[in-house]
Amino acid sequence: MRSRADWTGRTVLDLGCGTGFHLPRFAETAARVIGVEPHPGLARLAARRLRTRGVTGAEILTGTAQEIPLPDASVDVVHARWAYFFGPGCEPGLVELDRVLRRGGVAMIIDNDASRSTFGGWFRRGYPHLEPPETVERFWSIRGWTLDRVDMGWRFESRADLEAVVRIEFAPEVADEVLRAHEGLSVDYAVNLWTKSL
């Protein structure tokens, strides 16, 4: 991400910040960090994370990608990871990104790459109603977003840990199916980093 957007001394918006996992990292060097989360329970957890870690220069707001509670041209870097921006249908959020980004700002969206990797195969099986990977890629490309393919993985200390995470990600019948066929304690995983500068 740093090769696409340096947030040092800048204002960062973590859109769909969830429990605020990434906020402390941004706050290490950013001038200001804003987490926006639509679910009040997750927003409270994010605020608690900031308090318990003594993170300053960061705040949590309740809001959505379609209605970001910030003024026009008020942020330099937007980070959205597995939140709302999944291709076709997210156009209202893209309009909001354009509205809140300052000139020279960068938006970064991270999502699963369902076209490859073990997890990508599981994802296609677990969410067959979603657009196919090539449709999603075309959606971003024709709108001027740049794609970086990232290879990563999960590594667990026990089979119980792996199974617990898989069961969070998928419906019980899909989780049972993929776990029966998978051996070992690691899973290769591919993600897409989409970026666009204003």
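Data overview
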{"read-out": "Boolean, residue 107 is in a loop (DSSP other than H, G, I, E, B) and either surrounded by fewer than 19 Cβ atoms within 10 Å (Cβ to Cβ) or not aromatic (Phe, Trp, Tyr) (or both)", "value": "no"}
{"read-out": "Some residue of the stretch 51-59 being hydroxyl-bearing (Ser, Thr, Tyr), under 18 Å from the mean Cα position of the chain (by Cα) and over 29 Å from residue 189 (Cβ atoms)", "value": "no"}
{"read-out": "Of all residues making up the stretch 186-198, the number that are buried (at least 16 other Cβ atoms within 10 Å of the Cβ), within 30 Å of residue 75 (Cβ to Cβ) and either at pLDDT below 95 or in contact with a helix residue (DSSP H, G or I) (Cβ under 6 Å, 6 or more places away or on another chain) (or both)", "value": "3"}
{"read-out": "Among the residues listed as 21, 26, the single one being in a loop (DSSP other than H, G, I, E, B) and of a type in the set (Phe, Trp, Tyr)", "value": "21"}
{"read-out": "Criterion violated by residue 52 - all others in (1) crowded, with 19+ Cβ neighbours inside 10 Å; (2) of a type in the set (Val, Ile, Thr); (3) farther than 14 Å from residue 102 by Cβ satisfied", "value": "(1)"}
{"read-out": "Residue that is nearest to the chain's Cα centre (by Cα) [pool: residues in the stretch 29-50 that are among the hydrophobic types (A, V, I, L, M, F, W, C) and part of a loop (DSSP other than H, G, I, E, B)]", "value": "30"}
{"read-out": "Hits in the stretch 159-188 (condition: of a type in the set (A, V, I, L, M), within 11 Å of residue 119 (Cβ to Cβ) and not in a helix (DSSP H, G or I))", "value": "187"}
{"read-out": "Residue within the stretch 70-79 that is crowded, with 19+ Cβ neighbours inside 10 Å, modelled with pLDDT of 95 or more, under 26 Å from residue 165 (Cα atoms) and assigned by TED's automatic domain parsing to the domain that holds residue 28 present", "value": "yes"}
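Conditions tested, residue by residue: (1) surrounded by fewer than 15 Cβ atoms within 10 Å (Cβ to Cβ); (2) in contact with a strand residue (DSSP E or B) (Cβ under 6 Å, 6 or more places away or on another chain).
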position: 132; (1), (2): yes, no
position: 140; (1), (2): no, yes
position: 146; (1), (2): yes, yes
position: 156; (1), (2): no, no
position: 161; (1), (2): yes, no
position: 174; (1), (2): no, no
position: 184; (1), (2): yes, no
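Let's see how each residue does on (1) within 30 Å of residue 32 (Cα to Cα); (2) loosely packed, with under 13 Cβ neighbours inside 10 Å; (3) not aliphatic (A, V, I, L, M):
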residue	(1), (2), (3)
67	yes, yes, yes
84	yes, no, yes
93	yes, no, yes
98	yes, no, yes
111	yes, no, yes
129	no, yes, yes
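The values are calculated or read from the model by the stated rules, or taken from the named source; none is laboratory data. Since the model is a prediction, treat every value here as computed from it, not as a measurement. As a convention, Cβ positions derive from the backbone with ideal geometry for all residues, glycine included, and neighbour counts pool all protein chains shown.
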